[in-house]
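Structure first, then comments.
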Amino acid sequence: MPTRPIPNEDLAHVLEHARPAFEALRDAKIFIAGGTGFFGRTLVESLLHANRTLSLGITATLLTRDAQSFAASAPHIAEDHAIKLLQGDLAECELPSMDFTHVLHAAADSAGKQALVSEVALAESIVAGTRNLLRQLRAQSVRLLYLSSGAVYGRSCSENFLDEDTPLLDAHATAANYDEAKVLAEELCLAASRNAGFDVVIARCFAFVGPYLPLDQHFALGNFIDDALQHRPIHIRGDGSPRRAWMHTADLAVWLWTLLVQGRSQRVYNVGSDEAYSLREAAQITADTLLPGLAIDVGEALQAGPAKSYVPCVQRARHELGLQVRIPLAEALVRTARWHRVLNDHQ
């Protein structure tokens, strides 16, 4: 069954705030790996909306493991004249013989089907896919945006805000898990940029909410939204003390399209909101916003010690590129819940 496109208000938001980036992409030829997932679909749909609205003449090749299945679930993307679907695995595929101007490597984001593969297999696929892509880009003059993760700083940090100079995890040549693989993939991208001379920008992405966010996986806020939509008490695993900050995917798309065009080469930028809440506070905001009076079920502390924090410092993106978080959490919750509610009504 076809999946509902992202709302017009999200498309308008991205176009309004990323318009200079889209104008700079006029007549661009873009290769997108990872354009069929949580991040990717919002990126691709916002690109196609800008392409139509502004008559930009952009074409995009979208890599997918199953072109037929994706076309059936997202005909509004697959049938757009600007899109070409390329079936394959990034670790093995050969890029078509065309000169790409821009490459967006968003494969294996944290909303992927990680539960279906082992940690080692996932890590190997991330590293192998990055190596294969970089091997083929060496002969081209492109700008590459690599979507990394805030997980490269580690998931047990108690610092309030993580900036780009925070020490990273120690990743070896054979990364054993998702977090280490992202560190190694960053290193590969930066080395390739230095050696081959093409531009690389790295986006370390944190926590997000919006259309296509799975509500039944490992995302706390997605689980909270699902509880509210199902009129059941919001359940928090643990005592709710860990701190997070969520950016709506419409803001995410603004940031990423801007970074692709305007980010400094060989520069790393944190991407996310710095409006931090404990999980318990976020659960309360979810209840108050979506279903006032909804009960909250708080578990016991998982371990002693200071509360863990997964919140970025985003001053670099603000100061260098003028990027802002424009959609507050309560509004992001309403938009996401509304999209899922309408989607469920049509299934």
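The values are calculated or read from the model by the stated rules, or taken from the named source; none is laboratory data. Note that the structure is predicted; figures quoted are calculated from it, not measured. Glycine gets a Cβ as well: all are built from the backbone with ideal geometry, and neighbour counts include every protein chain shown. To get the accessible areas, we keep the full protein, side chains included, count just its heavy atoms, and leave off ligands, DNA and RNA. Shrake-Rupley method; radii C 1.70, N 1.55, O 1.52, S 1.80 Å.
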- Item | Candidate aspartates and glutamates for bridging to K182, where Cα separation is under 17 Å - those fewer than 8 sequence places away on the same chain excluded | D109, E119, E124, D163, E164, D165, D170
- Query: Based solely on its DSSP helices, what 222 nm [θ] is calculated for the chain when runs of n ≥ 4 H residues each add -39,500 (n - 2.57) and the sum is averaged over all residues, nearest 500 deg cm²/dmol?
  - Reply: -13000 deg cm²/dmol
- Other residues with Cβ under 11 Å from the Cβ of R316 give, with Lys and Arg +1 and Asp and Glu -1, a net charge of 0
- Calculate the spin-label point distance for R26 paired with S55, positioning each point 7 Å from the Cα along the beta-carbon direction, and give it in nanometres. 1.1 nm
- Find how much the distance from V334 to H81 grows on full extension, using 0.36 nm per residue of separation minus their present alpha carbon separation; answer in nm with one decimal. 87.8 nm
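Taking only Cα atoms of segment 41-160, what ratio of Rg to Rh do you get with Rh as the Kirkwood inverse-distance radius? Could the numbers behind the result be given before it?
On the way: Rg = 16.1 Å, Rh = 16.3 Å.
Rounded to two decimals, Rg/Rh equals 0.99.
Expressed as a whole percent, how much of the Cα-Cα distance distribution for segment 193-347 exceeds 29 Å? All intermediate terms of the calculation are to be shown ahead of the outcome.
Values: 3109 of 11935 pairs.
Of the Cα pairs, 26 percent sit more than 29 Å apart.
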- Item | Inter-probe distance in nm under a simple model that places probes 7 Å from Cα toward Cβ, at A71 and H319 | 4.9 nm
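Provide the three semi-axes, in whole Å and in decreasing order, of the ellipsoid equivalent to the chain as defined by the square roots of 5 times the Cα gyration tensor eigenvalues.
Values: eigenvalues 188, 117, 73 Å².
Semi-axes, largest first: 31, 24, 19 Å.
Roughly speaking, what is the stretch gain from A91 to E300, that is 0.36 nm per residue apart minus the C-alpha to C-alpha distance, in nm to one decimal? Each step should come with its number before you reach the end.
Numbers: separation 209, 0.36 × 209 = 75.24 nm, distance 4.16 nm.
Stretched fully, the A91-E300 segment lengthens by 71.1 nm.
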- Euclidean distance of C-alpha centroids, segment 53-91 and segment 248-278, integer Å: 23 Å
- Message: Report the gain in length on full extension from A191 to A176: 0.36 nm times residue separation, minus Cα-Cα distance, nm rounded to one decimal.
- Response: 3.3 nm
- Note on the structure: Label model pair E9, V342: point-to-point distance (7 angstrom along the Cα→beta-carbon line) in nm is 1.0 nm
- May I ask you to rank I236, I83 by accessible area, largest first, using a 1.4 Å probe over the protein chains only? I83, I236
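In whole percent, and with a 1.4 Å probe on the protein chains, what portion of the accessible area of the chain is carbon and sulfur?
Values: 7070 of 14760 Å².
Heavy-atom surface of the chain belonging to carbon and sulfur, 1.4 Å probe: 48 percent.
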- Query: Roughly how compact is segment 155-200, stated as its Cα Rg over 2.2 N^0.38 Å to two decimals?
  - Reply: 1.36
- Message: Just to confirm the filter: which GluC sites (Glu not before Pro) across segment 150-229 are DSSP coil and have at most 16 other Cβ within 10 angstrom of their Cβ?
- Response: E159
